[in-house]
Amino acid sequence: MNAISVRGLRKTYGGTTAVDGLDLEVHAGEIFALLGPNGAGKTTTVEILEGFRKRDAGEVTVLGEDPAAPSAAWRGRVGLVLQGTGEFDNLTVREIVHHFAGFYPDADDPDAVIARVGLAEKARARTHALSGGQKRRLDVALGIVGRPELLFLDEPTTGFDPEARREFWELVRDLNAGGTTILLTTHYLDEAEALAARVGVIAAGRLVEVSTPADLGGRQDALPTVTWRNPAGGLVHERTATPTALVSRLAGEFGGEVPGLAINRPTLEDIYLRMIETEAAK
Amino acid sequence: MKLALRQGRLETLQFLRSRESVVFTLGFPVIMLAIFASIFGGTEIDGGVTLTQYFVTGMIATGLMTVSFQNLGIWIPIERDRGVLKRYRGTPMPKWVYFAGKVLMILGIAIAETVVLLLMSVLFFGLELPSTAARWLAFGWVSLLGITACTLLGIAISSLARTSRSGSAVVTPIALILQFTSGVFLVFTSLPGWMQSVSAIFPLKWMCQGLRYVFLPDSFAAQEPAGTWELGRIALVLGLWCVAGLALCLTTFRWTAPREG
């Protein structure tokens, strides 16, 4: 069962092609992370899936319906955390979340939602008095108050400090454990790795690869790099298919501990950047 | 229906908590009335009507236009720019509820505004409340048609502003010019003929004229441009603006800011 299924999606603005034959499948119940540089067509794709933009060509199904003509019932099953924060003038967190809860047929308890996103202490604060991270939490609260089956998180943790980001990840895992399918777009590769079962990379309007974070771009097979400090004090890097053999050779040379020893496999970010560069070179 | 009432409550709350809105939208006509009435005191025009009485009717019309046309033309672009509209669109809320909320807020504020202006005028500036049922009735329909037209035009013009800040730059000059040329600050018939003709295209002139029928003695009808109150024509022009405004709203309204990814 797919929560989202896209085939041959195409969208052009004027003469510029933003999305160029994109295929995508997001399984029901998974967290899927969509990665890609700005201008790759990520936002356009997500906005089409969210029912905010019309497509030029292709087949799109989101929760069994075509988002080009979103019905109220469908809107009730889809939660949105849009890019950027929305500001509601002169209203308190509590007033806004209660108000939005009233739009959904089966809304969650607004006060519980406020507590869940960590805004309980700010429930009576007006929104303009909130910090950037707190405004983002309010956006999350509005996205989940309707108990969505599918939740779009568009760069949700921009402006969060590291601690708030970890708390947010817990919340996302918790929602997912409760059965919510999540489509996450993010510029933080560690976030994609921490949350997503699968990641997809968009470049130049196409989905160039879909994989688990551990396997993306042949990451599992990529050579690890062994780093150590030579007797003169300089750092030495060596990529090798046999790190264990190299380390035991070094241990012999140094007669015990190897100074500054580290063995690293490429991070998701290294792999991602390499993929983007290769795509750009095409 | 319940959704619309909730939306109306929220909008009214937002309005009342915004100091700028209360001061400039609600307060503006009151302050202008106080200033003009103090300057021109008992100056008589013709037909036993003082300039102040004439001015009160114009100020009530201006008040109706400010709370609807200017208010929406300024605030909707801000809400669009801040993503508030997009967030509403992302919920199951029917589209009309958003507009219904605005309309309820405007009606509430307009009634409050009009009552304050009337109280001031009756207590301090010698205005007499209408004595016949026909005039009260006209007060009702002129206000309602006028505010409907201005509301729809406010929604329509909100799509012209490209950013949150340009809303007031679009709307304020239009409102100010119309106030000078439609018989609010100056007696309409004392304006140059071409100016009268141009203003007669827009709703404010007809709202002022309708309210003069409501509040000024019948003898003053002779001072109107056509020599009569032209009630039928008032209803016609305002009605046409309602239709045009609605058509513009339906065809041009945008829920998202023009430049987004």
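No lab work stands behind these numbers, since they all come straight from the coordinates. Source: prediction; values computed, not measured. Here the Cβ is made from the backbone with ideal geometry for all residues, glycine too, and neighbour counts use every protein chain on show.
A few points about this structure:
- With contacts taken as Cα pairs under 8 Å and at least 6 residues apart, chain B reaches a relative contact order of 29 percent.
- For chain B, the longest principal axis of the C-alpha atoms and the axis of helix B:28-40 are separated by about 20°.
- Overall dimensions of the range B:2-252, expressed as equivalent-ellipsoid semi-axes from the Cα gyration tensor (√(5λ), whole Å, largest first), are 32, 18, 17.
- Angle between chain A longest axis and helix A:243-254 axis [Cα atoms, degrees, rounded to 10]: 50
- Mean ellipticity per residue at 222 nm, deg cm²/dmol - from DSSP H runs of n ≥ 4 across chain A, formula -39500 (n - 2.57): -9500 deg cm²/dmol
- B:R9, A:R55, A:R219, A:R124 arranged by Cβ crowding within 10 Å, fewest neighbours leading: A:R124, B:R9, A:R219, A:R55
- Partner chain coverage, peptide A:67-79 - average Cβ within 10 angstrom: 2
- Between the Cα long axis of helix A:132-144 and the first principal axis of chain A there is an angle of about 60°, rounded to the nearest 10.
- CD proxy at 222 nm, helix term only [per DSSP H run n ≥ 4: -39500 (n - 2.57); per residue of chain B; nearest 500]: -22000 deg cm²/dmol
- Within the range B:126-261, the proportion of C-alpha pairs whose separation exceeds 18 Å stands at 60%.
- A P(r) calculated from all alpha carbon pairs of the protein assembly as shown, with 20 Å bins opening at zero, reads 19, 39, 25, 12, 4, 1 percent.
- Shielding of peptide A:97-103 by partners, expressed as the average count of other chain Cβ atoms within 10 Å per residue Cβ, is 5.
- Computing FRET efficiency as 1/(1 + (r/R0)^6) for A:A28 and B:L236, where r is the C-beta to C-beta distance and R0 is 56 Å, gives about 0.45.
- Distance from the C-alpha centroid of the range B:1-33 to that of the range B:122-171: 14 Å, rounded to the whole angstrom.
- Charge context of B:V142, other residues only, Cβ under 13 angstrom, K/R +1, D/E -1: +3
- Label positions at A:F254 and B:S38, each projected 7 Å from the Cα along the C-beta direction, are separated by 8.6 nm.
- Estimated Rh, the range A:218-281: Kirkwood, alpha-carbon pairs, angstrom: 13.2
- Cβ-based net charge around B:R89, under 12 Å, with every Lys or Arg adding one and every Asp or Glu removing one: +4
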